[in-house]
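Read through the structure below, which is laid out as structure tokens, and then see the notes.
None of the figures in this text is laboratory data; all of them are computed from the coordinates on show. Keep in mind that this is a model prediction, so the values were computed, not measured. Every residue, glycine as well, gets a Cβ built from its backbone with ideal geometry; the counts of neighbours run over all protein chains shown.
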Amino acid sequence: MRHSLSPLIHNAAFAAVGLDWVYVAFEVADGDAPAALDAARALGLAGLSVTMPHKAAVAAAVDELTPTAARLGAVNCVIAAGDGRLVGDNTDGGGFVDALVAETGRTPEGARCVVVGAGGAARAIVLALADAGAARVGVLNRTPEGAARAAALADDVGAVVTEDAIGDADIVVNATPVGMSGRADQHLVAFDPARIKEDQLVVDIVYEPLETELMRRAAARGARVVGGVPMLVHQAARAFTSWTGQPAPLQVMTDQVLNFSRGPADGVRERARYMV
Ligand code: NAD
């Protein structure tokens, strides 16, 4: 939570629409998610975001789950529904599809997709692509068991695939952390980029750095490329609207992320991260 950009994004959004609300990050110890939800009820909070390692524990502890959160078994957004009842949702997959539509004007309907990775974000994206009418959602992962569990979320359009499937895909998504700032594999790509073709759409959900090695390599091969910032903003926008009932100020939210990522010296950035 200390490294979350959510306070920056949401506080700017509240201010932009004239709401006297505040978004604050709290460290919650592993195992304390139910107590944190009780505190939210007692304090009358409008909602919460949930980060790892609490997403499954919160799914088990809320009063109600949206169908998406129930299928994923993971909650990243809690909404106070009145009478102290808390509803758990998962906005990652919907945010991914919203971002795709906003950035490219195309929906996943009828698309052959490959999602690389089988963790929390990958699972949400697999489910959302299938729900949005993708023709095929292949999951490529280091361990086939994880790939099979993720692919099952897409029912009959889901499949465990090898790297060969990348060449046949319309949309290729990196949902692994490979390429993220500060990792040993920051300058690597989770699969062989020589497989990328110019008629493909390549989405890297990693949002820091703004341009990953995959994005550079995919662009060099002529593919259309979308980075992780639009998904980050759109998943937050869904939460914002659920909490406030208002449309989210997308540009304000995007500017927060871009200003932070392009921001000044590292020392200032570190302070900004801990100011939550
Ligand atoms: P996770 O730990 O739940 O899952 C990571 C997945 O990547 C696993 O399947 C793992 O096997 C795979 N993986 C890890 N290292 C790998 C490697 N070296 N080679 C191949 N596969 C590897 O993580 P997550 O929560 O799903 O997040 C994944 C990434 O997506 C992170 O970088 C996170 O910041 C980013 N993310 C972005 C957004 C957004 O809104 N843009 C939202 C959620 C997550």
With the structure loaded, tell me whether Leu37 is in a helix (DSSP H, G or I), touching a strand residue (DSSP E or B) at 6+ places or on another chain (Cβ under 9 Å) and of a type outside the set (Gly, Ala, Ser) or whether it fails that test. yes
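For the structure I just gave you, tell me whether Arg136 is among the basic types (Lys, Arg), within 10 Å of the ligand (Cβ to nearest atom) and buried (at least 19 other Cβ atoms within 10 Å of the Cβ).
It is false that Arg136 is among the basic types (Lys, Arg), within 10 Å of the ligand (Cβ to nearest atom) and buried (at least 19 other Cβ atoms within 10 Å of the Cβ).
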Qualifying positions in the range 50-64 - in contact (Cβ under 8 Å) with a residue 24 or more places away in the chain and more than 27 Å from Val203 (Cα to Cα): Ala57, Val58, Ala59, Ala61, Val62, Asp63, Glu64
Given (1) away from the ligand (no atom under 12 Å from the Cβ); (2) buried (at least 21 other Cβ atoms within 10 Å of the Cβ), index of the condition Asp255 fails: (2)
Taking Ala13 as the residue in question, decide whether it is in contact with a Phe, Trp or Tyr (Cβ under 7 Å, 6 or more places away or on another chain), aliphatic (A, V, I, L, M) and in a helix (DSSP H, G or I). yes
Could you identify the single residue in Ala148, Ala236, Ala219 that is assigned to a helix (DSSP H, G or I) and either within 23 Å of Thr51 (Cα to Cα) or of a type outside the set (A, V, I, L, M, F, W, C) (or both)? Ala236
Hey, could you check the range 130-188 for residues that are touching an Asp or Glu at 6+ places or on another chain (Cβ under 6 Å) and among the polar types (S, T, N, Q) and say which is nearest to Val101 (Cα to Cα)? Asn174
Could you list all residues from the range 191-209 that are in contact with a strand residue (DSSP E or B) (Cβ under 7 Å, 6 or more places away or on another chain), within 16 Å of the ligand (Cβ to nearest atom) and farther than 25 Å from Phe260 by Cβ? Phe191, Leu201
Near the ligand (Cβ under 9 Å from one of its atoms), assigned to a helix (DSSP H, G or I) and charged (D, E, K, R): is that true of Arg123 in this structure? yes
For residues that are crowded, with 18+ Cβ neighbours inside 10 Å and either within 16 Å of the ligand (Cβ to nearest atom) or part of a loop (DSSP other than H, G, I, E, B) (or both), tally how many sit in the range 48-66. 9
Taking the range 80-114 as the region of interest, how many residues are among the β-branched types (Val, Ile, Thr) and either part of a helix (DSSP H, G or I) or closer than 16 Å to Gln235 by Cβ (or both)? 4
How many residues are out of contact with any helix residue (DSSP H, G or I) (no Cβ under 7 Å at 6 or more places or on another chain) and within 16 Å of the ligand (Cβ to nearest atom) when one looks only at the range 210-240? 6
